[in-house]
Structure formats: C-alpha cells, structure tokens
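Have a look at the structure below, then the notes.
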Amino acid sequence: MAEDSKPRAMKAATAPDAPEPAVADSAVVVEPASEASGDARAKLAQLFDHLKIAKIVFVDDKAALETDVGAVFKVLVAKPEASEALAPFFAGVTLEIDNGALPEQLAARLAELDGDKQAELREVLSSQSEDAAEREALGLLQDHLPDETIAQLLTPQAWHEQRAALIAECTEEHRTLFLFDQELEVDDADLGFKKGSDIIRDMSEKEQAGFGTRWFCGMLTHTVQKGSEVASWRELAKSEKLDLRFFMPIAKTTLGDAPEFYGAVYRTLINIYSQTMKSLAADAFEKALADALEQFSDLDPIDFEHMIVKSSETEGVSELETLIRVYGIIQKDKVKAQILQHPEFERFSAATKTAKDIADIGRELSASSQERLHRLRREELYESDELVNSYNEPLRNGDVFEIGEGEDLKLWVLIAQPCDLMVRSNGERVRENNFKVAVLAPLRRRELGADPKIKEGLHFSLDHYDHYGAQSAIVQLADATPANLHVLDLAVLNEDGHCQLSAAADPSLSLHSKAWEKRDKELRKHFRSVSKQIESAREKHNDEVAALIARAVIPRASPKKSFAKYGTYDAGAYSYPIRRRGRIRDPLAISLLSAYSRFLARDAYEHDFSRPG
C-alpha cells in the first residue's frame, strides 16, 4: 500500500521522553483520498511552505487516555457492553458495576500488565469510550497535513512541561502552528490554565511579538460548529478577553471534510495579517476623523453658509448632499494622509503583501462569505428607500420606482441628465415642460443565479441588484419612455416615497430646501389647474362626466399607453400606484446615463437590399 493511503496518527506525548503508544488499525478509519482531499492537502502544503510553517502542535485533553482504574470504571459505567472487549485484560474479574470488589480487582490486574498490554488496553478504552468519535477525528488531522510537516499531539500536562522549549524552537524560518482545544478538562490547578483560551491569552501577554512572525494560534475545538467560526471568534474574544488578532476557532467537524479544513486553517493563518491591516487602518481612521472634524469645525461661518446653503439653493441640490460632499472631501484626504504617515505603515504594507501572496495560493469562498460580500457590494452600488425617501430627497438620475399593483407591479428606473433634474431657486426646472428631459426605462431582474448575455447597446447590466446582492438585473434601454416629472416629484413630498398629493397642503411637511418649498407650491398649482377642469365638469354636468374628464386629464407618469390606468382623483387629491423604492448610486448611475446616451446616438445603417429574402 502506498504511504499516502495509509492511516497516519499524530505523535502523542505525555512527557518529553514518553514512549510512543501504538495505534490500533480500527482507531482511525480513513477513506481513500478523493480528488478534493488531495487538492486541499496540496494547497495546505503550499500555504505552509510560503509561511514557513514546519510544525503543528495540538494540545488536547484527549491526546492520551490514562489506563487506570478510573478510566476503566468510567467506560463500564457509560457502556456496560464494553465488558466483553475488556475481559481479556482482566481475567477472573466480573466487569460489572455491582461488583463491590471491582476497584481493587481492576487495580491488581492493571499492575500485572506490561507496556505492550497497557498500550493495547489504551486502544480498547479509546474505541469503547464516549470520546471515541472525537479521538477518531484527531487521527484524521495528521492525514490532512503535508508529509514534511512535523505534527505533535500533547496532553495539557505535556504542554505545561514543554511550553518553554516549544516556544523557544520557533523562528521566522521555522514557524509553528499551535492548535488548542478550548475545553481541556484540566484538574491540576498548578498548570495555570483550564482552557485553550487561557493558553493563548498567556502567550499574547508574554510573547506578543511572536504571533505571525514565529507562530500562529488557533482553537481546534468541538465547542464551535462548522460555519459559525467567525461568530464564535468574536464571542470568544469578548468572553475570554482575547485579542482578535491572535486566534481563530476551527470546528473539529471540519476534520471530516478536507476542503473545509483547509479553508478553516487558511482563515486562521490569514487572520493575523487581516487584523493587523484592520487595526492599523482603524487607528488611522480614528486620527483622521479627529483631524477632519477639527478642520470641519474651523470652517468660516460665511464659507460654510455659502457652500451648504447658498450654492445648494442656486444649483437645486439638497443641502444634506452638499454637506456630506464637503465633509467627504476633508475626510478622504485626512485618511490617506494618516495611513501614509502612520509610524507602522511598513507593517501595513508587509501584511498586505503577505495576504496577497497567500491569496494567490487559492481558496474557495464559502457560501456565507459570498453572501456577505454580495451584501456589501450591493450597499456600495444602491441606496435604500429609507435613505432616499426619509429626507425627502429630490429626484436623481438612477432613482428606481415601483409602478403598478399586484401582478402588474414592475420596476422602472429614472434616467436623466442631473442638471436637467435640478429644481432651481424659483421652484422650477430649466427645461420644465420638455418631454425629453427624463425617461423611465424598465428594470427587469434576471433569474437568480443566471448571468445571461445582454444585448450590447440595448441593455444595461445592474450587478448585485436584489436578493441581498446575489441577483442581477438589466435596464432595457430600448423600451424607455418619457417621464412626467410633475407626477414623479410627488414621491419627494412623501416620506414613504409614494406618489400622492393631498387636497390640502400638509402643515407637517418639512422640506429641507427653499427651492423645494417653492416646488411644492408649483406642483399644487399644476394639479389644482387639473382639479378645476374636473370640478367644472361636475358643476356643469354630473359626476359621471366629471369621472370621464378626470380619466382624460389626470397627469400620467408617462405617455406610454400602459401608464394610462395609473392615477386616481378624489376631491382634489391625487394618488398613483407609484413608489420610489431606492436609487442607483454614482458612478454606476452615471454609467447608466452614458449607456442611454450611446443608445440614442447609435449608428443607423441603410438596410441591405441585396440579402436574399
């Protein structure tokens, strides 16, 4: 049998000179290596080689099983049928708990066993104990490791005795990956620890500089479930008072899945570099924030008033938007300056380079990782309806609307040149009644997980649009229709984003710009003129005629035929099944506008009349 296909057990140690115990063939069952397992092992070899990890030390209370009276008694209590397997070692002894002389008889027979027999008994006890499955999993750890990696399995007592020597032998050229079980079940108070977290905390307090340079630490434990390592990492850091940089939990159940185990080890090793970058960046951000706030506070009151209030009013921009823009200018430069001037910037650069080199080895992103990244990317690309509507923000290029009801509900995106959408200080737009100012283009979600080819020039792709960023969408440029901004502007007047207008002005409505206060009046004036036509028909004729006139003259969101059914009138109030439900952020929204401009400017060629029919 080839060496790689044989089950291999880690070296167990109870003391520096302890004899190596025999390992039963049945103690660890290793299935033939799959392609995925071989690939994971090869990547682990690359990872260890790049980080110069030459040794793994695993500390676990299950590393060695004592062959004393207590151990035998514990197995018989938990599993009475184990007496059959134990009988050959205790000739003439009734292996039942009811046997009053059992402890003395067990002690007498144990004293007669030589080293080989004690090793055999240890194997039987291991296979029959309640921890058998866990011991079997420990055997799989060695099978995942590269051949050249030295592996040592220690009991808590052995770690206590060898700690200084193991730490001393770690160098930058020969690093060690230390793995500790969290629950060590230690009875000896003189050891100074009871849990793996105690050991890691002790190392971080006494030899902090060694983390990431001479060794790495992780918790290989059954107390953490596969897939919950990151959440458990944060919880353990708080409950055990550990620095996030210095450890990462690994679920023992990953030992049964080579790719999962590789991914968990990868996260453990990359952690110190990622946390170093985050820590240095957070420190720079904190200092930059203080500097930016100081500069922001020192702005001349007249300068501030002109930028935030006057210029916003002149250009028809939200004061909040200008405020965030001005602060962003200050903050961005301060952050960059702080990071570049940070006394430990070299550490940041070194951690970045190491992380990049390790990432090049390759690792699969888990489904949960992909989900988190999709969510963050979606936040970058799209703004929620709460952020857009709650402040009564003016219409912007890239605003997304729900139009219709029930099965008829569809999404449309507003496309317009930003300057043409700006409401000026008089409450009007420069090209107020030009139907070419803005268009609504249908937005269609793609099938979840699908990434079909789009028609170049006719469609615009919106990646990470829905389903927490996992679902993309397309904007159908060829189906765009002119937009009536008088109707869509109503969304700005309502904090829920609905296009509605009450018969009387809402005294509680607080618009955050004088331009839009005037716009509110202009809109009411516009819709009031429509109301007069309807009510005049009612006075001259009857309600039925008034209803007919209403259907004819109510402003529609678009001249498109399908929009004719959207909009109702009731005693001076208007309501549309239209709601602003978010916004495409810049620069993606700018790219959408550019794509639509290219669509309008596409070449039109003479048809080829020479083609056969």
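Here is a check on your reading of the model: is Gly328 surrounded by fewer than 14 Cβ atoms within 10 Å (Cβ to Cβ) and of a type in the set (Gly, Ala, Ser)?
Taking the combined requirement at face value, the residue satisfies it.
Looking at Arg234, is it surrounded by fewer than 20 Cβ atoms within 10 Å (Cβ to Cβ), out of contact with any Phe, Trp or Tyr (no Cβ under 7 Å at 6 or more places or on another chain), in contact (Cβ under 8 Å) with a residue 24 or more places away in the chain and assigned to a helix (DSSP H, G or I)?
Criteria not met by Arg234.
Considering only the stretch 267-286, I want to know if a residue exists there that is open to solvent by less than 50 Å² (accessible area, probe 1.4 Å), over 20 Å from the mean Cα position of the chain (by Cα), of a type in the set (Gly, Ala, Ser) and closer than 30 Å to Asp333 by Cα.
Taking every residue of the stretch 267-286 in turn, at least one turns out to be open to solvent by less than 50 Å² (accessible area, probe 1.4 Å), over 20 Å from the mean Cα position of the chain (by Cα), of a type in the set (Gly, Ala, Ser) and closer than 30 Å to Asp333 by Cα.
Given Ala604, Ala571, Ala552, Ala564, which one is open to solvent by 40 Å² or more (accessible area, probe 1.4 Å), at positive phi and not hydroxyl-bearing (Ser, Thr, Tyr)?
Just one listed residue meets the conditions, Ala571.
Any residue at all in the stretch 521-544 that's in contact with a Gly (Cβ under 7 Å, 6 or more places away or on another chain), at pLDDT 95 or above and of a type in the set (Val, Ile, Thr)?
Within the stretch 521-544, none of the residues are in contact with a Gly (Cβ under 7 Å, 6 or more places away or on another chain), at pLDDT 95 or above and of a type in the set (Val, Ile, Thr).
Of all residues in the stretch 495-518, count the ones that are more than 27 Å from Glu379 (Cβ to Cβ) and open to solvent by 60 Å² or more (accessible area, probe 1.4 Å).
11
Among the candidates Glu229, Glu207, which residue alone is of a type in the set (Asp, Glu), at pLDDT below 95 and over 19 Å from Ser368 (Cβ atoms)?
Going through Glu229, Glu207 in turn, the sole match is Glu207.
Could you tell me which residue of the stretch 150-196 is least open to solvent (accessible area, probe 1.4 Å), considering only residues that are in contact with a strand residue (DSSP E or B) (Cβ under 6 Å, 6 or more places away or on another chain) and among the charged types (D, E, K, R)?
That would be Asp181.
Mind checking which pairs have a first residue in the stretch 530-546 that is over 18 Å from Gly567 (Cα atoms) and a second that is surrounded by 12 or more Cβ atoms within 10 Å (Cβ to Cβ), Cβ under 7 Å, 6 or more apart or different chains?
Hits for this filter: Ala537/Val545; Ala537/Ala546; Ala537/Ile549; Arg538/Ala546.
Could you pull out the residue among Ala478, Ala483, Ala470 that is in contact (Cβ under 8 Å) with a residue 24 or more places away in the chain and touching a His at 6+ places or on another chain (Cβ under 6 Å)?
Exactly one of Ala478, Ala483, Ala470 is in contact (Cβ under 8 Å) with a residue 24 or more places away in the chain and touching a His at 6+ places or on another chain (Cβ under 6 Å), namely Ala470.
Residue by residue through the stretch 197-211, note down the ones that are open to solvent by less than 10 Å² (accessible area, probe 1.4 Å) and either aliphatic (A, V, I, L, M) or in a loop (DSSP other than H, G, I, E, B) (or both).
Answer for the stretch 197-211, where residues must be open to solvent by less than 10 Å² (accessible area, probe 1.4 Å) and either aliphatic (A, V, I, L, M) or in a loop (DSSP other than H, G, I, E, B) (or both): Ile199, Ile200, Met203.
Just a yes or no: is a residue in the stretch 214-221 among the aromatic types (Phe, Trp, Tyr) and either modelled with pLDDT under 95 or in contact with a Pro (Cβ under 8 Å, 6 or more places away or on another chain) (or both)?
Checking the stretch 214-221: not a single residue is among the aromatic types (Phe, Trp, Tyr) and either modelled with pLDDT under 95 or in contact with a Pro (Cβ under 8 Å, 6 or more places away or on another chain) (or both).
For the stretch 417-452, what are the residues that are under 34 Å from the mean Cα position of the chain (by Cα), surrounded by fewer than 22 Cβ atoms within 10 Å (Cβ to Cβ) and closer than 25 Å to Ser318 by Cα?
Result: Pro418, single match.
Within the bounds of the stretch 171-193, is there any residue that is more than 17 Å from Arg245 (Cα to Cα), in contact with a helix residue (DSSP H, G or I) (Cβ under 9 Å, 6 or more places away or on another chain), modelled with pLDDT under 95 and in a helix (DSSP H, G or I)?
yes
Return the pairs, sorted by first residue and then second, in which the second residue is not in a strand (DSSP E or B), the first residue lies in the stretch 377-388 and is open to solvent by 70 Å² or more (accessible area, probe 1.4 Å), the beta carbons are less than 8 Å apart, and the residues are 6+ apart or on different chains.
Sorted first by the residue in the stretch 377-388, then by its partner, the pairs are Arg377/Gly469; Arg378/Tyr468; Arg378/Gly469; Glu380/Arg585.
Tell me which of these Pro21 doesn't satisfy, since it passes every other one: (1) modelled with pLDDT of 90 or more; (2) more than 16 Å from Leu141 (Cα to Cα).
(1)
Could you name every one of the helices (runs of 4 or more DSSP H) located completely within the stretch 279-383 that has at least 1 residues being touching a Gly at 6+ places or on another chain (Cβ under 9 Å), within 30 Å of Cys419 (Cβ to Cβ) and at pLDDT below 80?
none
Determine which single condition Val492 fails, assuming it passes every other condition in (1) in contact (Cβ under 8 Å) with a residue 60 or more places away in the chain; (2) open to solvent by 60 Å² or more (accessible area, probe 1.4 Å); (3) within 33 Å of the chain's Cα centre (by Cα).
(2)
Limited to the stretch 243-262, what total is found for residues that are touching a strand residue (DSSP E or B) at 6+ places or on another chain (Cβ under 8 Å) and open to solvent by 10 Å² or more (accessible area, probe 1.4 Å)?
3
Using the structure shown, decide if Ile590 is part of a helix (DSSP H, G or I), surrounded by 12 or more Cβ atoms within 10 Å (Cβ to Cβ) and touching a helix residue (DSSP H, G or I) at 6+ places or on another chain (Cβ under 6 Å).
In short, no.
Is it true that some residue in the stretch 535-545 is closer than 28 Å to Asp496 by Cα and surrounded by 11 or more Cβ atoms within 10 Å (Cβ to Cβ)?
For the stretch 535-545, residues closer than 28 Å to Asp496 by Cα and surrounded by 11 or more Cβ atoms within 10 Å (Cβ to Cβ): absent.
Restrict the check to the stretch 358-375 and report whether at least one residue is among the hydrophobic types (A, V, I, L, M, F, W, C) and crowded, with 18+ Cβ neighbours inside 10 Å.
There is at least one residue in the stretch 358-375 that is among the hydrophobic types (A, V, I, L, M, F, W, C) and crowded, with 18+ Cβ neighbours inside 10 Å.
The values are calculated or read from the model by the stated rules, or taken from the named source; none is laboratory data. Just so it is clear, the structure is predicted and the values come from calculations on it, not from any experiment. Note that each Cβ is placed from the backbone with ideal geometry, even for glycine, and that neighbours are counted across all protein chains shown. What goes into the accessible areas is simple: the full protein's heavy atoms, side chains included, and nothing from ligands, DNA or RNA. Shrake-Rupley method; radii C 1.70, N 1.55, O 1.52, S 1.80 Å.
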